[in-house]
Amino acid sequence: KVLDIGANIGQFAITLNKFNSFNTKIFCFEPNPVAYKLLEKNTKNYKNISTYNLGIGQNKKSSLYYLPNKSATGSLILKNSQNKEPAKTVETTIQLTNEIRKITAINEFDLIKIDVEGYEFEVIKNISIKTKYLFIEISGNRQRNYRHSEIFKLIENKWGQFDIIYQDTFQKEENNFEVLLKFT
């Protein structure tokens, strides 16, 4: 079972599904209503992919900011959504939830993928499920409310010790880098 947090229009879930000979169940959470419509459309023919128009965080309504026609720039952090076009940023109200277990009826996932444009610390803080692997986009040179040492400590406190299986090249000037962790 796979949990895709920040599913956007389904790129990760559909790609994973193409390489997945076991027809693993994939649960996609995407709070942006515009991206979510495309996620539904793109995954409608995959019976093993379920989609939810929700963000992960503390149970509440929140603002999401994005640039029209650029769904990948959406974020709960205004500065991370603006790119170089702050005047065109759209604000919309979304629903956050921390009830993944209740919604999916699953307590442990084989893989959790998190790609939430700077909001990853809050996502991890607010989920209470287990996983064997975590694939996460970590913010580098963009607005975030944590230090890198803090997010790795939070991950270890949440799921235990881990080995880094893969890590993107990290450069101070980059917006983000990806890391794949295996929990022991």
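The values are calculated or read from the model by the stated rules, or taken from the named source; none is laboratory data. If you're wondering where the values come from, they're calculated on a predicted model, not measured in any experiment. Counting neighbours? That spans all protein chains shown, and the Cβs are built from the backbone with ideal geometry, glycine included. Please note that ligands, DNA and RNA were not included when accessible areas were found on the heavy atoms of the full protein model with its side chains. Shrake-Rupley method; radii C 1.70, N 1.55, O 1.52, S 1.80 Å.
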Looking at the range 3-26 only, could you name the residues that are open to solvent by 10 Å² or more (accessible area, probe 1.4 Å), touching a strand residue (DSSP E or B) at 6+ places or on another chain (Cβ under 7 Å) and not in a loop (DSSP other than H, G, I, E, B)? F12, L16, N17
Identify all residues within the range 138-174 that are closer than 15 Å to I114 by Cα and in contact (Cβ under 8 Å) with a residue 60 or more places away in the chain; write none if there are none. R144
Among (1) open to solvent by less than 30 Å² (accessible area, probe 1.4 Å); (2) part of a helix (DSSP H, G or I), G74 falls short only on (2)
If T43 satisfies all but one of (1) under 15 Å from I127 (Cβ atoms); (2) crowded, with 18+ Cβ neighbours inside 10 Å; (3) polar (S, T, N, Q), what's the number of the condition it fails? (1)
Does Y36 count as of a type in the set (S, T, Y), assigned to a helix (DSSP H, G or I), modelled with pLDDT of 90 or more and touching a strand residue (DSSP E or B) at 6+ places or on another chain (Cβ under 9 Å)? yes
